[in-house]
1. Yes or no: the stretch C:133-154 includes at least one residue that is touching a Ser or Thr at 6+ places or on another chain (Cβ under 7 Å), within 8 Å of another protein chain (Cβ to nearest Cβ) and farther than 24 Å from C:Pro47 by Cβ.
2. Can you tell me which of C:Ala12, C:Ala59, C:Ala33, C:Ala49 is away from chain E (no Cβ under 14 Å) and either over 28 Å from E:Leu182 (Cβ atoms) or within 18 Å of the chain's Cα centre (by Cα) (or both)?
3. Across the stretch D:17-60, what is the number of residues that are facing chain A (nearest Cβ under 8 Å) and under 10 Å from the mean Cα position of the chain (by Cα)?
4. Out of E:Val96, E:Val105, which single residue is surrounded by fewer than 17 Cβ atoms within 10 Å (Cβ to Cβ) and modelled with pLDDT of 80 or more?
5. Which helices (runs of 4 or more DSSP H) does chain A wholly contain that include 3 or more residues that are surrounded by fewer than 24 Cβ atoms within 10 Å (Cβ to Cβ)?
6. Would a scan of the stretch C:91-105 turn up a residue that is surrounded by 15 or more Cβ atoms within 10 Å (Cβ to Cβ) and closer than 29 Å to A:Phe13 by Cβ?
7. Is it true that C:Ala103 is within 30 Å of A:Ala40 (Cα to Cα) and either in contact with a helix residue (DSSP H, G or I) (Cβ under 9 Å, 6 or more places away or on another chain) or modelled with pLDDT of 85 or more (or both)?
8. Which residue pairs have Cβ atoms closer than 6 Å, lie 6 or more positions apart in sequence or on different chains, and pair a first residue in the stretch E:192-218 that is touching a residue at least 40 places away in the same chain (Cβ under 8 Å) with a second residue that is part of a loop (DSSP other than H, G, I, E, B) and of a type in the set (S, T, N, Q)?
Amino acid sequence: MPDSAREFFSAVFLVIGAFFYLAGTVGLLRFPDVYTRLHALTKADNLGLGFLVLGLAVQAESLAAALKLLLIWPLTLAASATVGYLIARRARALGISPWLRPEDR
Amino acid sequence: MSTGLLYALAGVLLFVMGMAGAIIMAGALRKILAFNIMGSGAFLVLVGLAQRDGIPDPVPQAMVLTGIVVAVASTALALALARRLAADGDEER
Amino acid sequence: MRVAPVLRRTLAFALLWWVLVEGSSVSWGIGLASVGLATFASLRLWPPAHWRISYAGVAAFAGWFLLESAKGAVQVAALAFQRRPDLAPRIIEISLALPAGAATVLIVNVLNLLPGTMCTDVEGKILRVHVLDGRLPVVEEVRAAEARIARMLGVTQ
Amino acid sequence: MTGLELPLALFLMLNLIAALFRVARGPTAADRMLAALLFGTTGVGMLLLLAYAGGHPSLVDVALVLALLAAIAGAAFAGRAWTKESDDA
Amino acid sequence: MNLALVFDLLLALMLLWSAWRALAAPNATRAVVMFIVFGLFLTLAWGRLDAPDIALAEAAIGAGLTGALLLDAVRTLGESAGADAGGARSPWRWPVLAFSPLLAVILVVAVLEAPQQLVDLPAVVERNMGLSGVTHPVTAVLLNFRGYDTLLEVAVLLAALFGLLALAQGAASAATRESFLLHTLARLATPPMIVVAGYLLWAGAHQPGGAFQAAAVLAAAAVLLHLAGLLPAWVAPGRLLRLGLAGGLLVFLAVAILPLAHAPLLTYPPAWAGALILLVETALTVSLGLVLAGLFLFLSGRSLRDEETR
């Protein structure tokens, strides 16, 4: 790939990544309870990191360097999924009841 | 202002904050946290001040690296002391 | 002990080492030692099981997973940017068909990353799932995820 | 280097700050545990961007270590100290 | 305005904010959480200061060890140990609060007015790199130019562990049966952690990394295994563990003393320096990993209070 095309794809992926981070943060700020906030962080931020890693891997100098970047993503996914579960379970153990729509209550 | 100088100044403020905390705070755990913050401030000053011209300086970096490891060891020792103190306090009661 | 899993794991950790050192070939000594130690630790912590993992299944699963996790993020983004987030959360209970152990762990992890589901509890075969939008056909999606995992690991449901 | 790395690192920093203020406010103990998730995603992302923004390439290794260990802080948060009392004050 | 400067300013402010919250939070758990967040910001700051070696150590120790250590302490000491954040009862409160800004101003002026260094240390290190046996300056300083600092530091770590062993009393808690998800993660993540530790040890010779960082990752693996209930807390060190704990120091000492016949302490012959440093670093990685893990595993769950309630 020529360098200009690489830079273009890299920039596109990075911006998409940043968008999902923003979505995660907005969700965290606006969602009503800890369970919904968990959804925001475990889904949006993780995809944000995925795109960010992809955007940087496009720029990487060697295949191994790119793979090293891409390796970080599944590691974070595994950690996020596990920690998300631990927090949700803990929240239930603490007796925090989930937020419901007024008509569902 | 260079990056090094900025973090050195932040380090000064952290050091003073940690020192005040270590004197004022009552709980053992808070005192330990305050000491750690104080130490981190000193580390930032060490490295930041040496690099205020923007040239990385390996000597303070190596010192701080060992400092961090010693800090975690002393934190563990201090926590062990705090536990022993709490346990002895319970016995006297 | 069978040789194949040992070889497979050694190869995987050697690949990890190659990626970490970014292809450098200096000083393989430490590399060999740590790959050996890692393989030993992995065999101790996770003795080889008698699954028949299908590689085509893994590839298909990975593609599906990437697509679904993108969907999940888009769903969250859409909800987050709505003027009034249209959430209809509820907690549902699903009885798992997958065998206990690794397959269950995998489905819990996968559900946490897939659109609109977040596991809060596992009791035996009962899975309690927090759902972002209870109006969507979540149970069907969980069943589909189960089927894919079963196919990939070669286990019967 | 596309020139976007540093602005995006700054953008992630602003995200992290907003999220942390939210998380620190609670109201429940579980909300505060969400800080552990921010470590793994936003922290790692920022380190990677800094590495490619002309910083040291070794910051990728730092991000890798953080990603590998992110679960420990989370496990310690969720598994160890939280009780109902730590929520009241 | 310069974006890098904005980033640095924000980061510095967040350092101060998280440190402040760690001191002023209303209960111990929240204080510890903010302290862990402080560690994350500190990692980023080291990255900005072109100090990836320190950032690596801070990331590994901050995320892997400090949090677990402090949260465990909160559990055994109880929230009361960290209570009274305001310190309203301390007679020193007002004098200290009045004096602190003054001290801050004095120190800030001192930092701003600090004279230039008389010796240009980076240049000196640079000139002597050829003799060090490695190509990464921080490792050269740690294990060659200022090797005796590192030697004594390892001794200090060991002393801290002995002190902790002497203090720890009561029964160590058995491994708790944790969530099966964490269990799985720990079993899956430990082998890659070993490879990463090996990589960091390998990296030390020519790029950021080395024994300390590798040891911190190994210790973190042990902490994760313990948190997941796979590794019980250590009660008393057996013979093998004792050898492992002290081995690094012994190898370092042997390497330091051997050239004494024809050179001062800790001068390696340049031809051998690389190999000797690798030997010392490998031994240190194992020993320091065990020492750091021991700091958590010997202490974990021990408290008389637990026994009384039982």
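The values are calculated or read from the model by the stated rules, or taken from the named source; none is laboratory data. This one's a predicted model, so the numbers in the text were calculated from it and none came from an experiment. No Cβ is skipped: glycine too gets one built from the backbone with ideal geometry, and neighbour counts run over all protein chains shown.
1. No; the residues of the stretch C:133-154 include none that is touching a Ser or Thr at 6+ places or on another chain (Cβ under 7 Å), within 8 Å of another protein chain (Cβ to nearest Cβ) and farther than 24 Å from C:Pro47 by Cβ.
2. Result of the check over C:Ala12, C:Ala59, C:Ala33, C:Ala49: C:Ala59.
3. 10
4. Residue meeting the stated conditions: E:Val105.
5. Fully inside chain A and qualifying: A:3-30, A:46-59, A:63-93.
6. No, the stretch C:91-105 contains no residue that is surrounded by 15 or more Cβ atoms within 10 Å (Cβ to Cβ) and closer than 29 Å to A:Phe13 by Cβ.
7. So C:Ala103 fits the description; yes.
8. Sorted first by the residue in the stretch E:192-218, then by its partner, the pairs are E:His206/E:Thr135; E:Gln207/D:Ser58; E:Pro208/D:Ser58.
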